[in-house]
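Engineer: Once you've had a glance at the structure underneath, I'll fire off some questions.
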Amino acid sequence: MKPNRDIRGHHHLTLNVGVAQEDYDFHTKVLGLKSIKKTALYDGDEPILHLYYGNANGDPGTLITCFPMRQSGRKARRGTGQIGAVALSVSEGSLGFWKARLRDHGFDVRDGERFGEKLLRFAHPCGIPYEIVGVARDRRAPYSNGAVPAEHGIRGTHGITVSVRDVEASEEFMHYGWNGQNRRTDGRHVRYEIGEGGSGTIVDFLLEPEVPQGSWAYGEGVPHHCAFEVDTLDVQKHTKSHLEGLGYTDVSDVKDRGYFDSVYVRTPGGALFEATVSKPKGFLVDEPFEKLGTELQIPPVFAHRRDELVRYLERVRD
């Protein structure tokens with residue numbers, strides 16, 4: 001049984017949040033990320049807004065995307081078998097800046113450390129746990145909106161934390177199915193780095209055997225999934241067949257997401273992962289760089305309902 005070495009680092013992280021404007025202000029005005037896209041969720045009959053944030057170009061590994069769920073009325077229940085905390089990367093010398101900035105904006109901020117990395121813990125306005133981690137080496141280019149100087153800017157995702165009751169099945173999946181390497185432990189955390197490793201590749205499993213199995217529910221207040229980059233559609237196809245050959249048959253067909261193509265797998269621990277191939281034009285397929293993230297882009301599957309969606313979906317203002 002050969003390990004799959006095709007999975008790269010994070011592509012994007014998708015969250016179920018609350019009110020659209022609250023989420024938009026948090027990511028663009030507090031965290032200083034750029035609005036990359038305003039569109040809608042492609043799945044299902046009920047339209048839900050889909051907001052993208054990242055660096056200037058919306059590069060893979062810098063992206064956080066959000067479904068504002070308050071309009072739908074779906075409320076989450078946190079539990080085991082799901083992604084919990086979201087960790088973002090900044091330079092090591094920037095933690096003092098971020099502690100002061102977050103407190104000035106009314107956030108409760110606590111110091112922490114994991115695997116020798118200093119970090120700040122706080123929460124998204126909808127309650128999702130966030131961390132800002134000081135990282136010595138991270139070559140990703142941050143976006144600066146002026147309020148957050150470039151030297152302190154968020155460089156991208158650092159890692160995710162997945163709650164599991166036991167770690168054995170997840171370890172097999174990570175090693176053979178998902179290019180997980182450099183395994184190490186810190187208390188109840190087990191860390192893997194994907195591919196070449198470093199910030200933007202990290203998956204931490206938090207062992208919580210005391211939490212009831214299947215105790216989570218989908219809705220506002222929890223992450224939805226984490227996507228990881230693969231190079232081509234052929235590589236993505238190989239990843240799907242490789243996972244199915246290992247017995248992980250809960251793998252989706254390829255789904256066209258407009259800006260990338262996606263294959264999803266429900267991991268043994270319960271968290272949803274995605275293997276993603278960016279399209280050649282990426283986020284420029286429906287608007288030029290100068291206007292990225294400024295106007296609502298209706299997905300082709302909803303084009304016949306454009307006027308209805310424009311009236312229905314929450315509006316966000318800069």
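Engineer: Using Cα-Cα distances under 8 Å and only pairs 6 or more residues apart, what relative contact order does the range 110-185 have, in percent? All intermediate terms of the calculation are to be shown ahead of the outcome.
Structural biologist: Working: 55 pairs, mean separation 11.9, N = 76.
Contact order relative to length: 16 percent.
Engineer: Can you tell me what share of the DSSP beta bridges in the chain is antiparallel? A percent to the nearest 5 is fine.
Structural biologist: Details: 52 of 76 bridges.
Taking every DSSP beta bridge with both residues in the chain, the antiparallel ones total about 70 percent.
Engineer: Follow-up. For the chain, calculate the relative contact order in percent as a whole number, restricting contacts to Cα pairs under 8 Å that are 6 or more residues apart.
Structural biologist: Values: 757 pairs, mean separation 82.6, N = 318.
Contact order relative to length: 26 percent.
Engineer: How large is ³J(HN,Hα) for each residue in the range 306-318, as worked out from phi by the Karplus curve 6.51 cos²θ - 1.76 cosθ + 1.60 (θ = phi - 60°), to whole Hz, x for Gly and Pro?
Structural biologist: 3, 4, 4, 5, 4, 6, 7, 5, 4, 9, 10, 10, 5
Engineer: Grab the Cα-Cα distance for Thr232 and Asn182, subtract it from 0.36 nm times how many residues apart they are, and report the gain in nm with one decimal. All intermediate terms of the calculation are to be shown ahead of the outcome.
Structural biologist: Details: separation 50, 0.36 × 50 = 18.00 nm, distance 2.49 nm.
Gain on stretching Thr232 to Asn182: 15.5 nm.
Engineer: What do you get for trypsin sites (Lys or Arg not before Pro) in the range 256-288 restricted to DSSP loop and a cutoff of at most 14 other Cβ within 10 Å of the site's Cβ? The partial results should precede the final answer.
Structural biologist: Details: sites: Arg257, Arg266, Lys281; in loops: Arg257, Lys281.
Of the trypsin sites (Lys or Arg not before Pro), the ones in loops of the range 256-288 whose Cβ has at most 14 other Cβ atoms within 10 Å are Lys281.
Engineer: In straight Cα distance, which lysines are under 28 Å from Lys118, not counting same-chain residues fewer than 8 positions off?
Structural biologist: Hits, sequence-local ones excluded: Lys29, Lys34, Lys99.
Engineer: Once you've got the GNM for the chain with C-alpha springs shorter than 10 Å, pick whichever of Leu102, Leu119, Leu15 has the biggest mean-square fluctuation.
Structural biologist: Leu102
Engineer: Now for a separate question. Just tell me the longest site-free run in the chain, where the sites are GluC sites (Glu not before Pro) in a DSSP loop having at most 14 other beta-carbon atoms within 10 Å.
Structural biologist: On the way: sites that count: Glu196, Glu210, Glu295.
The longest such stretch corresponds to 1-195.
Engineer: Separate question: Length gain on complete extension for the stretch Asp253 to Ala217, per 0.36 nm per residue less the alpha carbon to alpha carbon distance?
Structural biologist: Numbers: separation 36, 0.36 × 36 = 12.96 nm, distance 2.37 nm.
Full extension from Asp253 to Ala217 adds 10.6 nm.
Engineer: Which of these, Gly200, Gly106, Gly134, has the largest mean-square fluctuation under a Gaussian network model of the chain (Cα springs below 10 Å)?
Structural biologist: For the chain, modelled as a Gaussian network with Cα springs under 10 Å, the answer is Gly106.
Engineer: Taking Cα pairs under 8 Å and at least six residues apart, what relative contact order does the range 25-85 come out at, in percent? Spell out each step's value before the answer.
Structural biologist: Values: 72 pairs, mean separation 14.4, N = 61.
Computed value for the range 25-85: 24 percent relative contact order.
Engineer: Also, quick follow-up: Largest first and in whole Å, give the semi-axes of the range 83-189's equivalent ellipsoid, each being the square root of 5 times a Cα gyration tensor eigenvalue. Mind showing how you got there, number by number?
Structural biologist: On the way: eigenvalues 151, 54, 30 Å².
With the √(5λ) rule applied to the range 83-189, the semi-axes are 27, 16, 12 Å.
Each reported figure results from applying straightforward, stated rules to the coordinates on display, with no laboratory input. Since the structure is predicted, the reported quantities are computational estimates derived from the model, not experimental observations. Virtual Cβ from ideal backbone geometry, glycine too; neighbours counted across all protein chains shown.
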